[in-house]
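Please read the structure below before turning to the comments.
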Amino acid sequence: MERIDTKRRTKVLPRTERPRLHKVILVNDDFTPREFVVGVLEAEFRMNESEALKVMITAHQRGVCVVAVFARDVAETKAARATDAGRSKGYPLLFTTEPEE
């Protein structure tokens, strides 16, 4: 009689890694009016007025403030649109992105 090998074979499924998140950072400047910064935060990042004020004050006091965390393409798009909103009005408003650690 022939012996049958009954070992189970396990399938190894590849795991896809989640995309790396990026922070959108507001950089303080002394020329852009506070009301304008709050308006951009409300419009682009869908913040209410109190959240936008906190972010704006934190950036003013510390020099920078993390506004939100998104996937890379979303973060870069939002940062570019918010920066362009300031530039269109002649303000040096700056939003940058960097990978989250």
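Nothing in this text is a laboratory measurement; each read-out follows from the coordinates by a stated rule. Computed from a predicted structure; not experimentally measured. Cβ sites come from the backbone with ideal geometry, for glycine too, and all protein chains shown count toward neighbours.
What to note about this one:
- Neighbour counts of other Cβ atoms within 10 Å put Lys23, Lys11 in the fewest-to-most order Lys11, Lys23.
- Ordering of 59-67, 79-87 by burial proxy (mean other Cβ atoms within 10 Å per residue, highest first): 79-87, 59-67
- Length-normalised contact order for the chain - Cα pairs under 8 Å, 6+ apart - percent: 41
- Against the main long axis of the alpha-carbon atoms of the chain, helix 49-62 sits at an angle near 80°.
- Furthest towards positive pole of dipole, Gly63, Leu21, Ala52, structure part the chain, Cβ charges: Leu21
- Added length on full extension, which subtracts the Cα-Cα distance from 0.36 nm per residue, Ser50 to Phe31: 4.7 nm
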